[in-house]
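Comments concern the structure below.
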Amino acid sequence: MSDAIDDSLIGAGLDGELGFRYDVVSGDGSRASFTVAPGHHQPFGIVHGGVHCALVESLASMSAAQWLADQGLPPRVVGVNNSTDFLRAVSEGEVTGQAVPIHRGRSQQLWQVDITDGDGRLIAQGRVRLQNLDQPAR
């Protein structure tokens with residue numbers, strides 16, 4: 001089928017709205033960053049947890065889809081669980097997420113994403129379980 005996910009999907013949709021910049025998209029792990037702006041803040045001036053969850057979900061999904069493409073399968077996945085822990089508040093600077101595979105199987109995948117600040121400190125960590133889809137979307 002395909003050996004890569006469609007480039008037009010990288011940074012599209014919510015990722016683009018949030019300013020996520022992908023450095024690496026690979027079936028073995030992906031990395032993306034964003035520069036914190038006021039639009040990322042919750043009312044108390046720190047990055048909203050939903051932004052971290054979005055980065056976790058996006059990195060896991062892009063990695064999982066690319067892994068399927070690498071196997072010659074349709075690169076289609078859907079998240080079935082996202083569990084993200086927030087460890088340190090951030091209000092400015094650069095934030096980077098790195099996805100690594102925990103399990104890549106026939107029907108599901110599990111990915112972990114570590115999010116760090118500009119000093120390399122862990123600020124959030126999440127795991128996303130994804131269902132591999134083999135049927136076209138309805």
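The values are calculated or read from the model by the stated rules, or taken from the named source; none is laboratory data. Fair warning: this is a prediction, and the values are worked out from it, not measured in the lab. Glycine also receives a Cβ, built like all others from the backbone with ideal geometry; neighbour counts cover every protein chain displayed. The accessibility values were calculated without ligands, DNA or RNA, using every heavy atom of the protein model including side chains. Shrake-Rupley method; radii C 1.70, N 1.55, O 1.52, S 1.80 Å.
When you look at residue 96, is it closer than 16 Å to residue 18 by Cβ, outside any loop (DSSP other than H, G, I, E, B), among the hydroxyl-bearing types (Ser, Thr, Tyr) and modelled with pLDDT of 95 or more, yes or no? When the stated conditions are applied, residue 96 passes them. Here region 29-54 is the region considered, the condition is being more than 18 Å from residue 131 (Cα to Cα) and among the hydrophobic types (A, V, I, L, M, F, W, C), and the residue that is surrounded by the fewest Cβ atoms within 10 Å (Cβ to Cβ) is 44. In region 57-80, the residues that are basic (Lys, Arg) reach residues that are part of a helix (DSSP H, G or I) with C-beta atoms within less than 7 angstrom, at least six apart or across chains, in these pairs: 76/65. Of all the listed residues (115, 123, 102), the sole one being of a type in the set (A, V, I, L, M) and either open to solvent by 60 Å² or more (accessible area, probe 1.4 Å) or out of contact with any strand residue (DSSP E or B) (no Cβ under 8 Å at 6 or more places or on another chain) (or both) is 102.
The residue of region 64-107 that is farthest from residue 52 (Cα to Cα), among those that are more than 13 Å from the chain's Cα centre (by Cα) and aliphatic (A, V, I, L, M), is 73. Counting only residues that are at pLDDT 95 or above and farther than 21 Å from residue 41 by Cβ, region 114-138 holds 8 of them.
When residue 77 is tested against (1) in contact with a Lys or Arg (Cβ under 7 Å, 6 or more places away or on another chain); (2) crowded, with 19+ Cβ neighbours inside 10 Å; (3) not polar (S, T, N, Q), just one condition goes unmet, and that condition is (1).
Selection over region 65-93 of residues that are of a type in the set (D, E, K, R) and within 19 Å of residue 20 (Cα to Cα) gives a count of 1.
Cβ-Cβ contacts under 9 Å between residues 6 or more apart (or on different chains), taken from a first residue in region 111-123 that is under 15 Å from residue 49 (Cβ atoms) to a second residue that is open to solvent by 20 Å² or more (accessible area, probe 1.4 Å) and among the aromatic types (Phe, Trp, Tyr), are listed as 123/86. Residues in region 58-93 that are of a type in the set (Ser, Thr, Tyr) and not in a strand (DSSP E or B): 58, 61, 63, 91.
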